[in-house]
Amino acid sequence: MASTSMESPLPGKRKSDVADNIQTKKQKWCADSMTTESLDSEKKVVKDIMQRVRSKLDKMPPKGLTDFLRDRIKMLEEDRKEIVGVFGKTGSGKSSLINTILGVNLLPSGAQGSCTSVMIQVEANMTNDQYIAEIEFITFKEWKDELLFIFMNRSCEEGGDEEQESNDDDVEKITALYGIDGWEKTIEELMDKKYFRRIPDFITSGKQTIFCNTAEELSEKITSFTRSNTQSDTFKQQYWPLVKCITIKVPNSNDLLEHVVLVDLPGNGDCNKSRDEKWKSFVGKCSAVWVVSDIARATSEKEPWEIMDSTVRLLGPGGECRSISFICTKTDNIGDVQKDDAHTWILTRNETTKMKVNDKFKKNKHVKKHFSCGEDFIQVFTVSSKEYKNKTYLEKKETEIPHLQEFLRNLNDHHTRTSDYIFGAHGILSLIQGAKSSDMANSKEEVQKILELRLEDELESIGEYMEKPYMQFDQQLSKGVEKSEETCKQLLNQVIEPRMQKGRGFHKILKSLCENDGIYKPKGKEKREININESLASTMRSCTDEVFTYFFPNDISGPIKTEIDTFTLNTDSLVKEHQSMSLHLIFLKTEERKLKAELIHDLLEKKKQIYYSLSESIKESMQISYTRAALEKGEGSLKRMKEELHQHVKNENIFQKAKDDMLNQLTKLKDHIVMQLKCKLQESINVSLKTHKSSFLPDITEEYNQIRMLWSKFNNVPFTPTLDSPSNPSAFQTQSVQMQTSVPTQYICKPTYRQQCPQAGLFHCGLTGLMFEMAGMGEVVYKMKQWDTDLLGSMTPAGPLFSINCPAVQQLHLPHCMCDEKVDTLLVAHIMLGKVEILKPVKTTFTHVVVDIPHNSLVGLIKHGYSSFPVQSQVLLFLQPPENRTQKATKLNVFLLPKNVPICEVKHQQKGSIFIQTSSECTLNPTGEYGLTYQLVTKKPIDLTNGHFEADYSPDVQPTFQVYLDCISDVENMSLTLLDRKCNDQKVWEWVVQTDSTVQLENPLMRSSNKCKPEIYNQKNSREYRFQCLSAGLFQCSKTGLGFRMVGEVDVIYNTVPWDRKLLDQSGKRPAGPLFKFTCNKGSVCELQLPHCEIYSEGGCDFLSVAHVTDDGSITFIHPDQTTETHVILNIAGFCKFGLTKDTNAPVSSIRALVLPFYQLPDVNKESTMNVLLLPKNVDIDEVCEKRKKRHGEREKFIEIPSSCELTPDQEYTLSTNLPEEQHEIDPAEKAKFVDYEYYTNYLPTFQLHLKTDVKKLNLLLKQHDGPETWKRSVPLPASTTEIPSTAPLLNSPNPLGKAFITKHRSELVNRLGLLRPIVLRLTDSGVMSYEEGEEVESKSTNTLKRQTLLDLLMKKGNEAQENFYSALKVADPCLVRHLEGNA
């Protein structure tokens, strides 16, 4: 139980769908008329309806929305089953108990002279009326390994008495399968296939299936596969030693088993690795556990209690168990009691036994501390299978078999499962109906923005809460590390220095421990696993047990589960105001409910990973020591093995690493919850509210009405049918009135910034000015928030309030705007849970205030309220085009803001307006009064109404001045001047706006660009472009498709650079275009247009974002200001690296692509090769050609033909030609996958067409695998030449330089090679290595291993790869190359 000091979740934070869950529970038993049969009938109706809808959708061509709907219908059929694990000693009556509960003689029982020893899972057969047994065997090799171990164990003289029980078990296995003569045969003889003639599936597929019409027939057939009576006089071959698991499917058992699986489990694991893993998997997934024992020995017998003690961690913190039931069987055994007194005597003994068992449970602290035990967690049942059938002394109810059947019914929860299915179907059909209705663009946009704002707020709330478990685990783990380091010798000695253990016998055990990563599984049913890793982790576990049980209980409560439950978009609140959107909102509510249920299930899986992370981390840290110890041989090896293990534990920081790994798992859990909610709900919002009217969808009005009627019945909601869709929609259209809807400012979603910091150090955000001092690698997530001035008292904001989320941030540098002499007046407000803590800065520089932050929260600069000193400020200009056709005037919005307000925030708020780059800096006085004058050439100056400088730090700033420009096209420029009214109109800022380009920007949706051909500007062997422009305007690069909006004269250089895929993966992103590096030598660019390859109507543009990568390697993702059919538009204030990215979990949709053929001219044998590249359309074709040329020289020619097409990422395609089969060969012959995001660095062929004869012309056909034609062209081939000049390196020379260099200096390279990452990036960029191979190199734990892996990879790849490495090293580290070659 959690202690009282543990912080409990905050109550009443917000309304939620918890009410829905409570209502569902109440409804469950309200409808008494809803029997299992009626529920089955209704569910079948719904399934048939959804099958009809699916058939209609299958007839439609692949499209984003239809594919999404098909997936959602498929997901309806997914079923998570509850597992009940049944433990008990041989002969305790487990099999008889299961048979009686199910009402069939299914499992072989002790009465038949046999008892189960293998794992048997019993579930419902939902397809037909047959009894089915699926027998899964261990592999042929695993059985051979086990035989080797058995015979080696038998011949070993060291075992003595301690191995006697193991040998008894081995004897039973050999005798059962081979008879008593089995011990006299060799391993090769025992593996003869004649012994497996009756079970051929053991050798072939590894599975055997048995079909029977009755339970009795099946029981007889599976007897030899369980464990039979080996005391029989005649030998009958048994196969249970070869069985891993048996699955039995029982027909007509929906009432008890449709969503429940009963698993008859041995009381301990198995020395066979695959069987043991299966056993642990079952135990870890048990929702409930039944421990079965004969009532006569319920409290005295050790085995059932030892089972609970040995499995408590697997069931509790490492599992999902919510209930333990102790079942006392054979209550009908009355001994010498008179029959007349039997009834009373049995009931009295039952009650007495229940009290004793309950008392023993209460005293078992080891079990209790691992569960948040509620009243019903421990239950005791006293049952009699015999009396349930015969009713000699007891009525059926008194046997308590009906209680266990009711237990299974409650777990099966037939009503809720059926209700969930209908609820999900109702949501899907609501989406289809809503998508087919009128566009309702204005309502959709408003609802979408409201929901996105709510989503953002809810995600922030749940993200903030998830810091609580992190902090409490951090505190307890620190104690655990300290205690573990103090007691590590004793912890290790518990395993490697056991009492009462013979030296020679233990040598074998310790050797086996070291050979198996610190784990030893003794043979024999009653012997427990020995685990060094668990022993070393035990102290840290003890320190975290209480906090773990509090945050991760297995029952339906728990603070993290409550936090997920209370998460809600509250779609119901929008229905009344937006009736036309009710169908879309129903779908979103369904999606939210389903997603939360998935997350709660994920929580159980993730908490297991968190729990086992300690022992797994220690196992990984100890691995090298285990390996060294296992190699010890000869006299004194036992002592040396122990010394090796002790020395490693003492010297290596294994406990601190284990702590870090557990905290890392907690961070992953938080990221998983937040990202799943964010991505999946955003996808649902996009599909529901951003999809245009979809009249192409099938008419499902009849199906929708049927589902809605059933849904209404389950939810007690009045039902009103929807009218059929008209056959001629245009005839029913009514006249629509154009209305303007204004979205309130508070509904505008504020941008969230993500900065990837790949290592410890200081990182600067170029957008907000924030700087982060990182303790290690991490992703910083931050955003601007609204100040609550009531909390500040007499203080006032002196900078934006930031919400910052990343535990790796040690210090924060907040940008300030104070003039030099007043910086010491600044303080830092740290806000958490509605309370303000005033922090004193560590130091203050000319630009930043440095502060230590204890944990993630809200942080911002403040100052005393009476401070009115001048501050560094900025004047920002935004040109706002007319909002509609009737409004002809363009507005110039002028903002007076402190310098530390991020310009990107104002740009985000002013979407649709054009930011005008100026020299914006000036010094202004808070509360000062200022005037703005503007003068058009040939006209008099015009004064505007005075405005005040308020030093506004709210996320939603308002313009200080607005200039209406109704006749701007008559002039060439406009002069703006800012005057200080309190200082005799002293001029504080002025700027001349070039209006010749401004006129072009009046309607940003209707602007055209000038095509420009850049200069090829090669430096350092990389292809660079240079564009020089002498005037303002919008220009597009004819090579790359990039668009630039220039303020004036500009000189910009740009080129593509490799993506850092690791950083993108960590943020759930993938490349959607090349990454461009920009250098602006002169002037400035105010807008960048990046070409994309999405098909606008498919909806893929909704998942695009722009990655802003700084020189220090950090990365921020920015939402585009605008997206057109061809480009993503972003207002920028400066240059670095920019590239398009896309969410990795975005729905798959077709993109615009290219099919590029490169022809390698024939050799002397007239054989040639055509490399066919499938690439996204926004690649630079000239760059592709250049990289191919570097790789293959002049021999390969690019063939220019019409290459545009539409391809679907991750779709498989087939290439074919009109040539006879004997003249060509295509590799791969059948199909290849188009993976768009892999093609922005390595331009490798998707297909290779090998031509075996001289060909002048051929036809190429590309089509989806087993699908329609995508692209077809006639391709002329260039004529062959006698001599082909080559620029490729001479790789066939007798002594390639690269190979000789690596071979000679390998050991020095392993030890001294420093700049590994640039070399890896260069090799992946040139196609020598794939991205996955680069990841493999980077994933190694030490630099030495990284270098060894890289060099091994290069040696395997041959001369070309080694030459490329040699060239890359000469560029990256020329000093090392010169030193090594000089010493040679």
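Each value in this text was obtained by applying a stated rule to the coordinates, not by laboratory testing. Source: prediction; values computed, not measured. So basically every Cβ, Gly included, is an ideal-geometry build from the backbone, and we count neighbours across all protein chains shown.
Here are the numbers for the structure shown:
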| quantity | calculated |
| --- | --- |
| Pairwise FRET efficiency - ASP1051 versus VAL1377, Cβ, R0 = 41 Å, nearest 0.05 | 0.70 |
| For the range 343-415, fraction of C-alpha pairs farther apart than 21 Å, in % | 43 percent |
| Mean Cβ neighbour count within 10 Å, used as a protection proxy, ranking 185-196, 92-103, 977-988 highest first | 92-103, 977-988, 185-196 |
| Theoretical gain in end-to-end length, GLU1338 to LYS1190 [0.36 nm per residue, Cα-Cα removed] | 50.7 nm |
| Distance (nanometres) between label positions extended 7 Å along Cα→Cβ at GLU643 and SER205 | 5.7 nm |
| Around THR539: net Lys/Arg minus Asp/Glu count, Cβ-Cβ under 10 Å | 0 |
| Residue-span extension gain [SER41 to ALA597] - 0.36 nm each, minus C-alpha spacing | 197.7 nm |
| FRET efficiency for ASN410 and ASN128, using Cβ-Cβ distance with R0 set to 22 Å, rounded to 0.05 | 0.20 |
| Cα centroid separation, the range 774-806 to the range 1033-1078 (Å) | 31 Å |
| Expected-Rg normalisation [2.2 N^0.38 Å, Cα atoms] applied to the range 181-220 | 1.62 |
| Using θ = phi - 60° and Karplus 6.51 cos²θ - 1.76 cosθ + 1.60, couplings along the range 322-331 (whole Hz; Gly, Pro as x) | 10, 7, 10, 10, 9, 10, 8, 9, 6, 5 |
| Rough spin-label spacing in nm, given labels placed 7 Å along Cα→Cβ, for ASP58 and ALA1279 | 5.6 nm |
| The range 1122-1224 - Debye-derived log10 I(q)/I(0), Cα point model, q = 0.11, 0.24 Å⁻¹ | -0.52, -1.41 |
| Under-5 Å amide H pairs with LYS244, H placed in peptide plane, nonlocal only | GLU136, PHE137, ILE138 |
| Length released on extending from GLU1308 to ASP457, taking residue separation times 0.36 nm less the Cα-Cα span | 300.9 nm |
| Within straight-line cross-link reach of LYS650, aspartates and glutamates at Cα separation under 15 Å, skipping those fewer than 8 residues along the same chain | GLU482, GLU485, GLU486 |
| By average C-beta atoms within 10 angstrom, highest first, the peptides 1215-1228, 1059-1072 | 1059-1072, 1215-1228 |
| Space enclosed by the convex hull of the alpha-carbon atoms of the range 208-364, per residue, Å³ | 196 Å³ |
| Size descriptor, Kirkwood hydrodynamic radius, that averages inverse alpha-carbon separations across the range 1330-1384, Å | 12.3 Å |
| Separation of alpha-carbon centers, the range 337-372 and the range 610-682, rounded to whole Å | 42 Å |
| Distant-in-sequence amide H partners of ILE327 (H built 1.01 Å from N, under 5 Å) | VAL291, VAL292, SER293, PHE381 |
| Rounded if a/c under 1.5, otherwise prolate or oblate - the range 1038-1100, Cα gyration tensor axes | oblate |
| Using a Förster distance of 60 Å, the FRET efficiency for VAL1148-LYS363 (Cβ separation, nearest 0.05) | 0.55 |
| Separation in nanometres of the label points that stand 7 Å from Cα toward Cβ, at CYS212 and LYS843 | 8.2 nm |
| Packing-based order for 1123-1136, 1145-1158, using average beta carbon neighbours within 10 Å, highest first | 1145-1158, 1123-1136 |
